[in-house]
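The values are calculated or read from the model by the stated rules, or taken from the named source; none is laboratory data. Treat the numbers as computed from the prediction; the structure is a model and nothing was measured. Ideal geometry is used to build each Cβ from the backbone, glycine not excepted, and the neighbour counts take in all protein chains shown. Protein only, heavy atoms only, side chains kept; ligands, DNA and RNA dropped before computing areas. Shrake-Rupley method; radii C 1.70, N 1.55, O 1.52, S 1.80 Å.
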Amino acid sequence: MTDSSDAAATTDGGRDEGGRHDGDDGRDGDDGHDGGGGRVRVIGAPTDYGQDRRGVDMGPSAIRYGGLSSALEDAGIDCVDAGDLPVPRAEERDPDYRMPAEGNAKFLREIEAVTDRLADEVADAIAAGDRPLVLGGDHSIAIGSLRGSARDADVGAVWFDAHGDYNTPTTSPSGNVHGMPLAAALGYAEWAGVDWANADGLREENVVYVGLRSLDSAERDAIRDSEMTAYTMSDIDERGITEVVEAALGVAADGVDGVHVSLDLDWLDPSIAPGVGTAVRGGVTYREAHYAMERVADADVLRSMELVEVNPVLDQHNETAELATELAASAFGKRIL
């Protein structure tokens, strides 16, 4: 993998989150992909255990209120809503009830319980021939989404996010698990051998970041030393969204059964997506985001997806939630013509 500088990515900013590796261009994946087609099954995961900003647990309701079902149905996409997972309020729980042997990771007991339930829901949806769309909630829910999608299958992942989410309890300044889901799913460092968190069918070489721009220094080194591929906002500026997303999908889909797409709404510029907890200026535009999701649909490899970090308390007129519904419709196949 080739290392390069990144003028647009900042260190020690964001949510305890790099570096980058260049992936091969193209989208030549395995012909045996399980992506594409099938009904969309919506699963709500209303959690805010993974971060300190209250309100993100209302994300699933805000996205539904923003017109998710009608956006999918208007695009000719069959969908069913499985409702929300039962999640106790964070205010009623002790974040330090169970701590890791080293470092700090808050609400581990609660996040494990949500992860187990969500992994089963996602795996059951796929087994039934549906494509799960998980609504967060903070980004810690991705541990469950990935575990479920990778159950009895090899999967890749494209991570549309401003942040790396590759911290561990000993590198995280805050202990917030929404900055750790990829490290947890891949079993990196202290997350190795944590059965409830590890997604056995997910490999580093099939994980691709798109749009990184806010990274912690320890995380930067870890990503550079990994087999993951990372495209920063500088890459999008230099190469364009088309080339970057097609290359990312090619790497993620290579030799796997399907691809999980994780879309953190802070990937977009806060001028169009203000309702997020860890906003970072310099994100993708409205059209770049839609085009990226349209390329996801065109690739016909989508196995599962999640929308995370929508916080209606911080939003303006539900603008971010409504944008999330539009992007989900594009990812599952909505077109202008």
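Descriptive notes on the structure:
- Debye-formula intensities of the stretch 100-196, expressed as log10 I(q)/I(0) at q = 0.11, 0.14, 0.21, 0.23 Å⁻¹, are -0.30, -0.49, -1.08, -1.27 (one equal scatterer per alpha-carbon, no solvent).
- Loop sites in the stretch 174-249: GluC sites (Glu not before Pro), DSSP, at most 15 other Cβ within 10 Å: 227
- ³J(HN,Hα) computed for each position of the stretch 201-208 - Karplus, 6.51 cos²θ - 1.76 cosθ + 1.60, integer Hz, glycine/proline x: x, 9, 10, 3, 5, 10, 10, 9
- Only one item in (i) 53, 50, 44; (ii) 52, 43, 41; (iii) 96, 30, 27 matches Cα extents along the principal axes in Å derived from the coordinates shown, and that item is (ii).
- For the residues 65, 97, 188, a 1.4 Å probe over the protein chains yields an accessible-area ranking, largest first, of 65, 97, 188.
- Spacing of the two label points (7 Å from each Cα toward its C-beta) at residue 298 and residue 238, in nm: 2.3
- Distant-in-sequence amide H partners of residue 202 (H built 1.01 Å from N, under 5 Å): 155
- Close amide H pairs (under 5 Å, H built 1.01 Å from N) link residue 39 with 131, residues at least 5 positions away or on another chain.
- Our coupling estimate for the stretch 220-235, obtained by passing each phi through the Karplus curve with A = 6.51, B = -1.76, C = 1.60 and θ = phi - 60°, is 4, 5, 5, 5, 4, 7, 8, 9, 6, 10, 10, 10, 8, 5, 4, 5 Hz, Gly and Pro reported as x.
- Under a 5 Å amide H cut-off, with hydrogens placed 1.01 Å from N, residue 84 pairs with 44 among residues at least 5 apart or on other chains.
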